Amino acid sequence: MKARIITRQKLCPDIFWYEISAPHVACRFQAGQFVIIQVHERGERIPLTVAEAHPERGTIVLVFQVVGKTTLELSLLKEGEEIENCVGPLGNPSEINFFGQVICVGGGTGIACLLPIVRALSAAGNEVISLIGSRSRDYLILEDKIKAVSSSLFIATDDGTRGERGLVTDVLERILEEEEVRGKIQRVIAIGPPLMMRKVAEITRPHRIKTIVSLNTIMVDGTGMCGSCRVFLGKAMKLACIDGPEFDAHRVNFDDVISRLEMFRAKERLAWAVYRQQLEARQMEIKTKVRAKEGTASHD
Amino acid sequence: MIKIRGQRVPVRELSPEQRIKNFSSVPLGYSAEEAVAEARRCIQCRGAPCEVNCPIHLRVLDMIRAIATRQFKEAFFLLKEDNPIPAITGRVCPQESQCEGVCPLAQDGQGINIGKLEAFIADWARERGIKEEIVIKERPHRVAIIGSGPAGLICAYDLRRWGYQVTVFEALHKAGGVLQYGIPAFRLPTEVVDYEIALLEEIGVNFQLNFFVGQNIAFDELRHKYEAIFIGTGAGAPLFLGIEGEHLKGVYSANEFLIRVNLMKAYRFLEYDTPIVCGDRAGVIGAGNVAMDAARCARRLGAREVFILYRRTRKESPARVEEIHHALEEGVTWMELVAPKRILGDEQGWVRGIELVRMKLGEPDASGRPRPIPIEGSEFVLELDTVVEALGTTPNRLFLKHAPELAVNRWGLIQVDEKLQTNLKGVWAGGDAVRGNATVILALGDGRQAAAAIHRVLSPEKLG
Ligand SMILES: Cc1cc2nc3c(=O)[nH]c(=O)nc-3n(C[C@H](O)[C@H](O)[C@H](O)COP(=O)(O)OP(=O)(O)OC[C@H]3O[C@@H](n4cnc5c(N)ncnc54)[C@H](O)[C@@H]3O)c2cc1C
Ligand SMILES: Cc1cc2nc3c(=O)[nH]c(=O)nc-3n(C[C@H](O)[C@H](O)[C@H](O)COP(=O)(O)OP(=O)(O)OC[C@H]3O[C@@H](n4cnc5c(N)ncnc54)[C@H](O)[C@@H]3O)c2cc1C
Ligand code: FES
């Protein structure tokens, strides 16, 4: 199914918010699920979490960061243009129950993935403490949206330009020791870069707080057919696309998850470099054409 | 009329040196002259063992007779009546254990090349745009088909010809099942598969791609919306050995390896965006068709040495003879009576080798083949930088999870009665979802049989 881009927004220098038409996804979506898209016929299939669904409009929202060729290509599409293929919702929905007090930790684009979960947890009556973080103020996304659905919000940036200076995981570490929350947190949910999620797992382990992470493994089909997304919980092999994407953080072998993300790095860099060159060449061509036109114009 | 004559007309092929540089079809197919010459060798024996031994009882003799007398069009229509996808089965059927295996001429290795004749006729018609005229008398009944592999496609084709409103749901972005994502283009060119699917679209079969039944629509809801359902979801979930080292970079399931290459066209990386990494020395565990396909893909992706690692011997290999032959010609090394114990990696998490143990053959096991037994103390390490596990596949548990009321056996294969009906009213199933790892022709046969059963139930008046 083709998916038309209804609205396109740049949230920060490298993160975009796309509302796309995908009625089949919108009507079935539950917090925590993702789609797999293919920008064009020759493109790669990449998974992106659904940040919002609007069944009444038949649309979903994808928030993505430009990290390689596919996301760069996606970021260059304009409103009204189409994404060739979009399949979903895939993966299991998040477990949404009344837990009591819950902490949600989001880093980078993970904040967008967290949004529907925070929303659903709050709607289920939980007291949700959200911790979000990024490099600096300009890279912090969806602060207002998260704030609107959280009981309280903490922010951390690496350079201290917004909220506290430091990492969200530092904030988490501190909060867990605070009088009002110690021993009361029923669950921690963390979505962000794998290193952040690993750190969260390390922090919550001694507190014995059930901790859930959403793993961003490399995927192809997203339906359990290829095994590319396999992760290891102790010795047990699980497929992130159909058994996850959320797993018990205290059982995930993060070293393998992080290592496997590098499997295609050399090729990804090559694709990126070649594509950038093509883009530059195209821009040069346009410039020369414009100049040539201006040249003739000034002659008459 | 026609007497036994001489040798099989050889099939022209790309040379191994040419082939390993591209993904073009290896057999070049018969020319009209060659096909006629080959057809003329047929002795039209009584009892037609080839037809008896064909799972769908294709009228082989009639087809061959028509080719021998250059009535190609007649041959095509006749073929098409029995088998809607001859261009495909002609290329992928295990002929040596079906039609060709029982040809009386096969005793001295000169059996009629039925597969290549079948493919010739189908290609001849396709190249000339010759198609059957299908007149459709519309019926109001809606039928849903889950999965677009050969079972689903044939079921859709028959039901649509009889006038039903047919929708095929497919999870991937391209239809065809294994024909599209699994079998490589050098065996089954993509345009051959695409052509058959385009024909289905032309007669009005509706394809809903990017649609996973269960995730996109509840199975129950689908049952309410359609009067009959055929499940042809295949057995596409990969099996892993469960040994140490499977997390390493450079280890693939054959499914991932082949999906990247075939469906995503990773062998044309930069033109296409999906990457694949294949090192210099690749080991493929297993020795079926899937293993041969993976090994031959690895050669084409630039691996200098490719090993087939098999715990039994060549005699027990379930692969088509032609595939083994082609793999060996292309320089694949056959290493038998070895079983993997663990995969070894380096500090960066990349595969560096595999520890194997030598095996010997013991008493026959449940499959009737001698059971391989490890020889203690015979372990050794083979250096590798790519490992592909081709151990077979199982039914997709994601679909089964969404259809818990469907009766399955302990391997997750859907249980059906002799008419392919499941335990649920209005739901039939066939192909690999029922049989496990089987063949295209059996899937095709199931699709047909289920279509007939559905027709009988939805339009009982027609059959009197
Ligand atoms: C369930 C899930 C949900 C995700 N949700 C989001 C999201 O909401 N927003 C977002 O920005 N990103 C999300 N990601 C990550 C996103 O899929 C990758 O950033 C994207 O695939 C990168 O593609 P690329 O071609 O631009 O970059 P590449 O140059 O191909 O790769 C850059 C890095 O992205 C990862 N990656 C590459 N290919 C894939 C692939 N096919 N599948 C998964 N990861 C890959 C690798 O670590 C790689 O090193 C999600 C991943 C998963 C598994
Ligand atoms: C690499 C390889 C090589 C092979 N070589 C040969 C050969 O040479 N000769 C031979 O005869 N056989 C061969 N086989 C076996 C043969 O391909 C299969 O037996 C045959 O394709 C089975 O057909 P099927 O229609 O049952 O399912 P499949 O071809 O497996 O198709 C099933 C389809 O259903 C889709 N699907 C699954 N679940 C859902 C859902 N819930 N909703 C929507 N869609 C869904 C899948 O995406 C898939 O496309 C080979 C198999 C492989 C993997
Ligand atoms: S993405 Fe293929 S099995 Fe999960």
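The values are calculated or read from the model by the stated rules, or taken from the named source; none is laboratory data. Predicted model only: the values in this text are computed from it and were never measured. Cβ coordinates were reconstructed from backbone atoms using ideal geometry, including for glycine residues, and neighbour counts include every protein chain displayed. All accessible areas refer to the heavy atoms of the entire protein, side chains included, with ligands and DNA or RNA removed. Shrake-Rupley method; radii C 1.70, N 1.55, O 1.52, S 1.80 Å.
Could you report the accessible area of A:Ser21 in Å², rounded to 10, computed with a 1.4 Å probe on the protein chains as they sit in the structure?
Here the accessible area works out near 30 Å².
Under the rule of -39500 (n - 2.57) per DSSP H run of 4 or more residues, summed and divided by the residues of chain A, what mean residue ellipticity at 222 nm is obtained, to the nearest 500 deg cm²/dmol? Don't skip to the end; give the middle numbers.
Working: 9 runs with 99 residues, N = 300.
About -10000 deg cm²/dmol.
According to the Kirkwood expression over distinct Cα-Cα pairs, how big is the hydrodynamic radius of the range A:38-131, in Å? If you can, show how the numbers build up before the last one.
On the way: mean 1/r = 0.0661 Å⁻¹.
Hydrodynamic radius (Kirkwood, Cα pairs) of the range A:38-131 is 15.1 Å.
When the Debye formula is applied to the Cα atoms of the range A:3-90, each taken as the same point scatterer, what base-10 log of I(q)/I(0) results at q = 0.16, 0.23, 0.24 Å⁻¹?
-0.53, -1.16, -1.27
Give me the accessible area per residue for chain A, probe 1.4 Å, as a whole number in Å². Numbers along the way, then the final one.
Working: 13440 Å² over 300 residues.
I get 45 Å² per residue for chain A.
Could you tell me which trypsin sites (Lys or Arg not before Pro) in the range B:1-65 are loop residues by DSSP with no more than 13 other beta carbons within 10 angstrom of their beta carbon? Don't skip to the answer; put the middle values down first.
Details: sites: B:Lys3, B:Arg5, B:Arg8, B:Arg12, B:Arg19, B:Lys21, B:Arg40, B:Arg41, B:Arg46, B:Arg59, B:Arg65; in loops: B:Lys3, B:Arg5, B:Arg8, B:Arg12, B:Lys21, B:Arg41, B:Arg46, B:Arg59.
The qualifying sites are B:Lys3, B:Arg5, B:Arg12, B:Lys21, B:Arg46.
Determine ³J(HN,Hα), in whole Hz, for all residues of the range B:210-227 in sequence, where each value follows from phi through the Karplus function 6.51 cos²θ - 1.76 cosθ + 1.60 and θ = phi - 60°; x replaces Gly and Pro.
So the J values, rounded to whole Hz, are 6, 9, 9, 5, x, 7, 8, 8, 5, 4, 4, 5, 4, 5, 6, 7, 10, 7.
Give the distance, in whole Å, between the Cα centre of the range A:248-300 and the Cα centre of the range A:130-167.
29 Å
State, as an integer percentage, the relative contact order of chain A based on alpha-carbon contacts under 8 Å between residues 6 or more apart. Intermediate results must be reported in sequence, preceding the final value.
Details: 608 pairs, mean separation 44.5, N = 300.
Computed over chain A, the figure is 15 percent.
Based on Cβ point charges of +1 for Lys and Arg and -1 for Asp and Glu, what charge dipole magnitude is obtained for the range A:101-214 about its Cα centre, in debye rounded to the nearest 20? Each step should come with its number before you reach the end.
Working: 16 positive and 14 negative charges, 80 e Å.
Charge dipole, the range A:101-214, about its Cα centre: 380 debye, nearest 20.
At a 1.4 Å probe radius, which order do A:Met237, B:Met359 fall into by accessible area, largest first? Mind dumping the intermediate values first?
Numbers: A:Met237 60, B:Met359 20 Å².
So the residues, ranked largest to smallest area, are A:Met237, B:Met359.
Hey, what did the range B:37-101 get for relative contact order, percent, Cα under 8 Å, at least 6 apart?
Values: 53 pairs, mean separation 24.0, N = 65.
Dividing the mean separation by the residue count of the range B:37-101 yields 37 percent.
Taking a ≥ b ≥ c as the square roots of the Cα gyration tensor eigenvalues, with a/c under 1.5 meaning rounded and otherwise prolate when a/b beats b/c, else oblate, which class fits the range B:27-127? Kindly include the intermediate steps, with their values, before the conclusion.
Numbers: a/c = 1.39, a/b = 1.26, b/c = 1.10.
In terms of gyration-tensor shape, rounded.
What is the average number of partner chain Cβ atoms found within 10 Å of a Cβ in B:215-223?
Values: counts 13, 9, 3, 1, 0, 0, 0, 0, 0.
That works out to 3 on average.
So what is the relative contact order for the range A:190-300, in percent, with contacts set as C-alpha pairs under 8 Å and at least six apart? Show your work: numbers first, answer last.
On the way: 100 pairs, mean separation 24.7, N = 111.
Normalised by residue count, the contact order of the range A:190-300 is 22 percent.
Assign one of three labels to the range B:240-391, namely rounded, prolate or oblate, based on the Cα gyration tensor with a ≥ b ≥ c the square roots of its eigenvalues; rounded applies when a/c is under 1.5, prolate when it is not and a/b is larger than b/c, and oblate otherwise.
Values: a/c = 2.05, a/b = 1.36, b/c = 1.52.
Taking the square roots of the gyration eigenvalues as a ≥ b ≥ c, the range B:240-391 is oblate.
Once you have a ≥ b ≥ c as the square roots of the Cα gyration tensor eigenvalues for chain B, tell me rounded if a/c is under 1.5, and otherwise prolate or oblate according to whether a/b is larger than b/c.
It is oblate, given that a/c is not under 1.5 and a/b is not larger than b/c.
How much accessible surface area, in Å² rounded to 10, belongs to the heavy atoms of A:Asp158 with a 1.4 Å probe?
80 Å²
What number, rounded to the nearest 500 deg cm²/dmol, is the helix-based mean residue ellipticity at 222 nm of chain B, given -39500 (n - 2.57) per DSSP H run of at least four residues and division by all its residues?
Details: 18 runs with 153 residues, N = 464.
After summing the helix terms and dividing by the residues of chain B, the value is -9000 deg cm²/dmol.
Give a quick list of GluC sites (Glu not before Pro) in the range B:380-423 that DSSP marks as loop, anything other than H, G, I, E or B, with at most 16 other Cβ atoms within 10 Å. Don't jump to the answer; show the numbers that get you there.
Values: sites: B:Glu383, B:Glu389, B:Glu405, B:Glu418; in loops: B:Glu405, B:Glu418.
Passing sites in the range B:380-423 are B:Glu405, B:Glu418.
For the range B:428-464 and the range B:378-425, compute the distance between their C-alpha centroids and round to whole Å.
One Cα centre to the other: 20 Å.
Got a sec? Which residues of the range A:1-16 lose 20 Å² or more of accessible surface with every protein chain in place, vs. that chain alone, 1.4 Å probe?
By number: A:Met1.
Looking only at other chains, what is the average number of their beta-carbon atoms within 10 angstrom of each beta-carbon in B:232-240?
Averaged over the peptide's residues, the number is 3.
With a cut-off of at most 16 other beta carbons within 10 Å, and DSSP calling the residue loop, which GluC sites (Glu not before Pro) in the range A:78-172 qualify? Please list them. Walk me through the intermediate numbers first.
On the way: sites: A:Glu79, A:Glu81, A:Glu82, A:Glu84, A:Glu95, A:Glu127, A:Glu143, A:Glu164; in loops: A:Glu79, A:Glu81, A:Glu84, A:Glu95.
Answer in residue order: A:Glu79, A:Glu81, A:Glu84, A:Glu95.
Using the alpha-carbon atoms, what tilt in degrees (0 to 90, nearest 10) does helix A:110-123 show relative to the longest principal axis of chain A?
50 degrees
How far, in degrees from 0 to 90, does helix A:168-177 lean away from the longest principal axis of the Cα atoms of chain A, to the nearest 10?
On a 0 to 90 degree scale, this one is about 10.
With a 1.4 Å probe and all protein chains left in place, how much of the accessible area of the range A:63-191 comes from carbon and sulfur atoms, in whole percent?
Details: 2390 of 5160 Å².
Of all accessible area on the range A:63-191, carbon and sulfur atoms account for 46 percent.
Round to a whole number: what % of the accessible area of chain B belongs to carbon and sulfur, probe 1.4 Å?
Details: 9590 of 18680 Å².
The nonpolar share, carbon plus sulfur, comes to 51 percent.
Cα-Cα over 18 Å: which of B:Lys137/B:Lys419; A:Lys78/A:Lys289; A:Lys267/B:Lys265? If you can, show how the numbers build up before the last one.
Details: B:Lys137/B:Lys419 25 Å; A:Lys78/A:Lys289 22 Å; A:Lys267/B:Lys265 14 Å.
Too far apart for the 18 Å limit: B:Lys137/B:Lys419; A:Lys78/A:Lys289.
Which positions within the range A:209-254 get 40 Å² or more of their accessible surface covered by the other protein chains, compared to the chain by itself, with a 1.4 angstrom probe?
Buried by the other chains: A:Val220, A:Thr223, A:Met225, A:Cys226, A:Arg230, A:Met237, A:Ile242.
How would B:Arg410, A:Arg187 rank on accessible area, largest to smallest, probe 1.4 Å? Write out the running numbers ahead of the final one.
Details: B:Arg410 200, A:Arg187 20 Å².
The residues order as B:Arg410, A:Arg187, largest area first.
Could you rank B:Asp108, A:Asp248 by how accessible they are, 1.4 Å probe, largest area first?
Most to least solvent-accessible, the answer reads B:Asp108, A:Asp248.
Leaving out ligands and nucleic acids, note down the accessible area per residue over the range B:27-127 with a 1.4 angstrom probe, in whole Å². Please list the in-between numbers first.
Working: 3770 Å² over 101 residues.
That works out to 37 Å² for each residue.
Computed on protein heavy atoms with a 1.4 Å probe, what is the summed buried accessible area for the chain pair A and B, in Å² to the nearest 100? Mind dumping the intermediate values first?
Working: alone 15450 and 20670 Å², together 32110 Å².
The contact between B and A buries close to 4000 Å².
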